[in-house]
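The values are calculated or read from the model by the stated rules, or taken from the named source; none is laboratory data. All values reported here derive from a predicted model rather than from experimental measurement. Cβ coordinates were reconstructed from backbone atoms using ideal geometry, including for glycine residues, and neighbour counts include every protein chain displayed.
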Amino acid sequence: MNRGTILIYSQQRLLATLLAATIRDDNRHIIYCSSLQQLIAKSNSLRPTLIYIIDSAPFMNGANLMEMLRRSSLHRPTIYVITWQQSEHTVLSLLECGVDQYFTFPISMLRLRLKTLAHDSQ
Amino acid sequence: MLLYIYIIIQASAIIGFEVAALWQRRSRLRQLQRATLSDSYIRQIIKMLFSEECCDLYPAADTPIRHMALAEAMNTILSHTYGTNTTIIRELTRRYRLDTFLLNRIRWSRGPRRIHILILMSAIPSHTATTHLLQQHLRSRHSYTRTAALIALLATDPSKAIATIASLRFDLTPLDIARIITLLRRGILPIAYEPLLRSTNRNLRMLGLAIVRNFGIEIADKQLQNIISTATDADIVHESIYTLSSLGRPLGRAKVRERLSAMTPRRRKQLCRHLTQAGYSLSALRCIFSPHETIYSESIIKSYKRDLVCSTSHNIS
Amino acid sequence: MLHFAQYIVATFLFIISAGAILRALRITRATRRQRQLLTDLAGSYCSLGVAGCSILCSQIKELDHIISLLSTEYDRYEVIVVLDSNLYPESFNQILHHFKMILVNTPDVTELANTHIRSLYRSRLRCFRKLIVIDQGYISLYDDLNAATTLASYDYVIPLATTYTLRSTAIDNIITTLSERDNSGIDLIESSVDGCVIFHRDAIVEAGGFSYHIKHKIARNKRLSINFPLLCINHTTPPTIYICATISATLFIGICYIVFDYKIAIISILTAIIIVVAAQYTARSIDQESSRDTTLWYIFNPRWFFCR
């Protein structure tokens with residue numbers, strides 16, 4: 001069963017690898033993006049089911065990342081954000097922007113894998 | 001003669017800079033190589049963690065670069081996750097003698113490199129024999145080295161964490177405390193906040209206050225009030241007041257106001273600014289500060305709103 | 001007499017080259033240490049407590065610049081932009097529209113005199129709550145900074161003029177510096193690399209506001225110098241600077257050769273080479289590349305809008 005494409009954006013390669021290895025599955029295609037421009041281009045061309053973003057700043061600086069990722073009305077990828085920031089303002093801001101789920105580091109690898117599996121089965 | 005000495009020294013300095021520039025380029029290439037290896041090791045280790053089976057790594061970690069890459073891969077995994085099964089990590093550490101390698105490296109390295117290796121030690125499960133060496137670095141002249149050694153020591157022997165912090169000869173800075181809190185978030189340190197708040201040791205008390213603030217422990221309200229009333233250390237009182245404010249608790253009680261009045265005008269002003277930012281109402285601030293001190297707060301709080309009533313009433317008249 | 005003067009000149013040149021070498025080593029060491037510290041600190045920022053800073057921007061009208069200033073995860077900082085809507089109406093409206101800003105109440109009473117804020121804007125969206133826009137008629141840079149200071153919520157302020165950009169790690173570096181020691185007595189933190197200055201808000205108010213001589217009003221024992229950069233270098237040095245520098249150096253070397261002898265000329269050539277090589281090494285350590293502009297910048301380190 002093809003579980004679709006997942007994009008991961010992180011400025012740190014090792015973190016993206018950690019995440020990719022955690023949610024790895026033979027039927028899933030995982031692509032790493034090192035820049036926001038690359039992420040937006042891949043999102044529009046590959047139409048991933050899920051996007052992991054390991055940074056909260058792109059949603060809070062006016063870069064309009066959410067609009068760019070969900071520009072097409074036919075495709076609405078699920079967006080999960082993982083970051084260290086735990087303040088209430090940050091969490092509420094991200095949810096207000098339209099982020100579907102917010103995780104904080106340190107993460108439980110098993111829980112993240114189950115979460116991704118649960119998303120696939122929806 | 002002196003002029004020739006100057007010429008030789010200057011020429012040597014120029015050659016030294018060129019060699020340093022070449023060394024920089026080489027070390028950047030080595031860093032890239034290490035990053036690629038760490039990438040591969042992370043994938044392999046996570047696969048082992050999920051399959052609960054320890055296998056040999058490929059390529060085997062038998063050179064210094066590969067040892068460092070493996071240590072960095074383990075550090076990345078353990079510092080960003082919790083609840084990880086450390087049996088596999090311990091087995092890999094034992095199989096590739098990673099702790100021995102890092103201990104030898106610490107001996108021969110200096111400056112930022114030594115600090116980095118000490119931080120890597122905090123992720124590698126190692127035997128308690130390393131605590132003696134780490135204790136030595138705890139007495140270093142450099143504050144970064146001391147902090148890195150402290151973090152490594154706390155991670156190596158978490159059961160003695162409180163005793164280790166209590167025996168420190170230096171005061172913990174906010175940055176040091178933040179790093180200890182990060183260890184707490186990983187679930188490594190079995191520390192409760194109550195004995196820390198009751199302790200007379202400055203470092204333990206500051207750590208206890210940081211735990212209350214970071215984890216939003218509202219039931220610590222009474223203990224914080226006690227500390228504000230009874231503590232003699234001005235820094236502890238200051239930190240307790242900020243911690244109480246982070247919980248959104250009222251600060252208008254008599255004891256708290258008494259302590260606030262003993263603060264310098266600048267500190268009071270800073271606190272007023274902090275409380276305004278934290279969302280305290282003007283009436284709450286007026287209980288604690290004088291009308292003159294709350295002028296700034298009034299203008300900031302007002303700047304979050306927009307008056308529409310004035311314009312409407314003008315229209316009616 | 002000439003013999004004696006020869007030794008004086010040679011020693012002077014030697015001291016200059018030693019100074020250039022020490023500066024390069026100091027900056028490189030501090031930058032490397034800070035870079036390693038930021039990597040090892042992953043995740044500790046959110047537990048750092050109450051350290052915060054306000055970035056005060058005067059007449060910054062490019063959206064990209066404001067976006068880059070807001071691109072830090074650290075929670076306790078804000079960006080206050082002072083812009084004259086009469087001088088730049090299009091840019092002003094573009095910023096208001098992009099960040100969904102709404103008009104809010106302007107303060108009646110301010111701590112600093114000579115602030116004539118026309119209007120104040122905050123965003124209606126929570127995610128842009130760190131941005132404040134002040135509409136004030138432009139008189140001088142210092143007036144803009146004073147207006148921004150009156151609305152700053154955090155203890156430390158960083159003034160920025162339109163030509164300067166903060167590095168992506170600047171806020172993290174500043175917060176780390178503020179948190180790694182007890183800075184309760186520090187009113188001014190200055191980067192010896194690029195001259196970026198961070199002031200304590202109350203020190204500015206006590207000094208009566210920003211001015212060209214603000215640094216003279218702050219006691220020396222309340223200053224802290226840091227040896228890593230906070231600003232991006234985005235100047236293009238005009239060609240006349242290269243030509244003037246080359247001609248001056250050549251003339252100096254020629255005079256040394258004519259007046260003294262070949263040994264002094266060699267020492268002056270070596271001094272010039274050391275200054276250039278040290279600047280290149282510094283630039284490469286900081287940005288991992290060195291261009292002609294950055295090298296010249298590290299050599300001449302131009303004056304900033306606060307006097308030394």
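Grab the helices (runs of 4 or more DSSP H) fully contained in region B:149-222, keeping just those with 3 or more residues being away from chain C (no Cβ under 11 Å) and surrounded by fewer than 17 Cβ atoms within 10 Å (Cβ to Cβ).
Passing ranges, in order: B:193-198.
Has region B:67-90 got at least one residue that is farther than 30 Å from A:Asp25 by Cβ and outside the structural domain of B:Thr182 (by TED's automatic domain parsing)?
Looking for residues that are farther than 30 Å from A:Asp25 by Cβ and outside the structural domain of B:Thr182 (by TED's automatic domain parsing), one finds at least one in region B:67-90, hence yes.
Scan region C:112-128 and tell me whether some residue there is away from chain B (no Cβ under 14 Å) and either assigned to a helix (DSSP H, G or I) or under 27 Å from C:Asn173 (Cα atoms) (or both).
Yes, region C:112-128 contains a residue that is away from chain B (no Cβ under 14 Å) and either assigned to a helix (DSSP H, G or I) or under 27 Å from C:Asn173 (Cα atoms) (or both).
Cβ-Cβ distance below 6 Å, separation of 6 or more or different chains: which pairs start in region C:9-34 with a residue that is at the interface with chain B (Cβ under 7 Å from one of its Cβ atoms) and end on one that is among the polar types (S, T, N, Q)?
Final answer for the pair search is C:Ser17/B:Gln10; C:Ser17/C:Thr271.
Right, C:Phe210: within 14 Å of chain B (Cβ to nearest Cβ), buried (at least 16 other Cβ atoms within 10 Å of the Cβ) and not charged (D, E, K, R) or not?
no
Go through region B:241-280 and give me each residue that's within 32 Å of the chain's Cα centre (by Cα), under 22 Å from B:Ile219 (Cα atoms) and either in a loop (DSSP other than H, G, I, E, B) or of a type in the set (S, T, N, Q) (or both).
Within region B:241-280, B:Thr243, B:Ser245, B:Ser246, B:Leu247, B:Gly248, B:Arg249, B:Pro250, B:Leu251, B:Gly252, B:Gly279, B:Tyr280 qualify.
Can you tell me which of (1) surrounded by 12 or more Cβ atoms within 10 Å (Cβ to Cβ); (2) closer than 25 Å to C:Thr271 by Cβ is the one C:Thr240 doesn't meet?
That leaves (1) as the condition not met.
Taking region B:121-148 as the search range and keeping residues that are assigned to a loop (DSSP other than H, G, I, E, B) and aliphatic (A, V, I, L, M), which one is modelled with the lowest pLDDT?
B:Ala129
Which of the residues that make up region C:168-189 are over 21 Å from B:Asp171 (Cα atoms) and touching a helix residue (DSSP H, G or I) at 6+ places or on another chain (Cβ under 8 Å)?
C:Ser168, C:Thr169, C:Asp172, C:Asn173, C:Asp187, C:Leu188, C:Ile189
Quick one: B:Leu207 ticks every box in (1) in contact with a helix residue (DSSP H, G or I) (Cβ under 9 Å, 6 or more places away or on another chain); (2) more than 16 Å from B:Ser167 (Cα to Cα) except a single one, so which number is it?
B:Leu207 satisfies every listed condition except (2).
Of the numbered conditions (1) within 11 Å of chain C (Cβ to nearest Cβ); (2) touching a Gly at 6+ places or on another chain (Cβ under 9 Å), A:Leu92 satisfies every one except a single condition; which is it?
Just one mismatch for A:Leu92, condition (2).
Of these, B:Ala21, B:Ala11, which one is out of contact with any Pro (no Cβ under 9 Å at 6 or more places or on another chain), of a type in the set (Gly, Ala, Ser) and at pLDDT 90 or above?
B:Ala11
Take the residues of region C:243-271 that are under 19 Å from B:Tyr4 (Cβ atoms), within 33 Å of the chain's Cα centre (by Cα) and of a type outside the set (S, T, N, Q): which is surrounded by the most Cβ atoms within 10 Å (Cβ to Cβ)?
Per the criteria, the residue is C:Leu270.
Identify the single condition in (1) touching a residue at least 40 places away in the same chain (Cβ under 8 Å); (2) surrounded by fewer than 21 Cβ atoms within 10 Å (Cβ to Cβ) that B:Thr87 does not satisfy, given that it satisfies every other one.
Condition (1) is where B:Thr87 drops out.
Taking region B:139-168 on its own, how many of its residues are under 21 Å from B:Leu197 (Cβ atoms) and of a type in the set (S, T, N, Q)?
Result for region B:139-168: 3.
Take region C:51-110 and flag every residue that is polar (S, T, N, Q), within 14 Å of chain B (Cβ to nearest Cβ) and more than 20 Å from the chain's Cα centre (by Cα).
Hits for region C:51-110 are C:Asn105, C:Thr106, C:Thr110.
Taking C:Ile175 and the conditions (1) within 25 Å of C:Ala219 (Cβ to Cβ); (2) surrounded by 23 or more Cβ atoms within 10 Å (Cβ to Cβ); (3) in contact with a Pro (Cβ under 9 Å, 6 or more places away or on another chain), which numbered condition does it fall short on, given that it satisfies the others?
(3)
Which one is farthest from C:Tyr138 (Cα to Cα), of the residues in region C:149-184 that are part of a loop (DSSP other than H, G, I, E, B) and more than 10 Å from chain B (Cβ to nearest Cβ)?
The extreme case among them is C:Thr169.
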